[in-house]
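Working notes for the structure below.
What follows draws every value from the coordinates through simple rules; no lab data is involved. Note that the structure is predicted; figures quoted are calculated from it, not measured. Note that each Cβ is placed from the backbone with ideal geometry, even for glycine, and that neighbours are counted across all protein chains shown.
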Amino acid sequence: NAGVTQTPKFRILKIGQSMTLQCAQDMNHNYMYWYRQDPGMGLKLIYYSVGAGITDKGEVPNGYNVSRSTTEDFPLRLELAAPSQTSVYFCASSTGTMGETQYFGPGTRLLVL
Amino acid sequence: KQEVTQIPAALSVPEGENLVLNCSFTDSAIYNLQWFRQDPGKGLTSLLLIQSSQREQTSGRLNASLDKSSGRSTLYIAASQPGDSATYLCAVAYSGAGSYQLTFGKGTKLSVIP
């Protein structure tokens, strides 16, 4: 049981490039989330999904896109990377049941230059 | 809009001391409150989760309390150890459209000096 896995661990992008951050979970959780964490700040929700084929915006969705074709995978797409997207990105999953915790992946550190 | 504040931002204590981390939130309409631990370069690990109907939760040397009416929670760590050094994040769960969502504080960075 690997839990929540994320790839890559670290990536440097040039301004204007695109990339996809991968996230997978093997706990059969319906709910998945993408957060970003800027230095010295708390986590902010980018997008979330309550099941395959269903996604919705969080607090800071601009510049990102997501898809959820399977229960296991929830990739985050960055189009036209900007320096403001330099951050650490965390994926999380949960059963969605009120009162249950979210399980977090190890994060992807992204630097946009 | 829910806001979560953690005080202090950083704390340094000698090994063996008992310590308290504070968390406050602006909207008392929460489902639960969680304390997470974050080690450098790692993800978040859930330490304690307190349901809105509960007053406290305990796990080993950790005790978390919740006063929903005043919008406050504390994390008490007894007999601190160097291995407790990490950033501790407080998060409150509230009802978003179709899901429950977490609002995080900025964290308290704890250093336990041997």
Tell me which residues come under 5 Å, amide H to amide H, from A:LEU43 once H is placed; ignore anything under 5 positions away on its chain.
-> B:PHE104
Globularity index of chain A, i.e. its alpha-carbon radius of gyration over 2.2 N^0.38 Å | 1.00
Karplus (6.51, -1.76, 1.60) ³J(HN,Hα), θ = phi - 60°, over segment A:102-113, in Hz, Gly and Pro reported as x | 9, 9, 9, x, x, x, 10, 8, 10, 10, 10, 10
For segment A:1-70 and segment B:22-41, compute the distance between their C-alpha centroids and round to whole Å.
-> 21
So which lysines can A:LYS57 reach, going by Cα to Cα under 26 Å and dropping same-chain residues fewer than 8 places off?
-> A:LYS9, A:LYS14, A:LYS44, B:LYS1, B:LYS42, B:LYS106
Just A:TYR33, A:TYR89, A:TYR103 to compare: in a GNM of chain A, with alpha carbon springs under 10 Å, which one fluctuates most?
-> A:TYR103
By what distance, in whole Å, do the Cα atoms of segment B:1-67 stretch along each of the three principal axes, largest value first?
-> 37, 25, 21
Label-to-label distance, nm, for residues given as B:ALA78 and B:VAL20 (7 Å Cα→Cβ offset) = 1.6
Mind listing the phi-derived Karplus ³J(HN,Hα) values for segment A:68-84, rounded to whole Hz, using 6.51, -1.76 and 1.60 with θ = phi - 60°, and x for any glycine or proline?
-> 9, 8, 9, 5, 7, 10, 8, x, 10, 9, 9, 9, 6, 4, 10, x, 5
Compute the FRET efficiency between A:ASN1 and A:THR70 as 1/(1 + (r/R0)^6), taking r as their Cβ-Cβ distance and R0 = 22 Å, and round to the nearest 0.05.
-> 0.80
Step through the residues of segment A:11-26 one at a time and calculate ³J(HN,Hα) from phi using the Karplus curve (6.51 cos²θ - 1.76 cosθ + 1.60, θ = phi - 60°), rounding each to whole Hz and writing x for Gly and Pro.
-> 8, 10, 10, 8, 3, x, 6, 10, 7, 10, 8, 9, 9, 9, 9, 10
Go through segment B:43-114 and name the trypsin sites (Lys or Arg not before Pro) that are in a DSSP coil and have 16 or fewer other Cβ atoms within 10 Å of their Cβ.
-> B:ARG55, B:ARG61
Between B:GLY107 and residues 5 or more places away or on another chain, which pairs have amide H atoms under 5 Å apart, with H built 1.01 Å from N, and which residues are they?
-> B:GLN6, B:CYS90
Residues whose placed amide H lies under 5 Å from that of B:LEU47, excluding near-sequence neighbours = B:TRP35, B:PHE36, B:ARG37
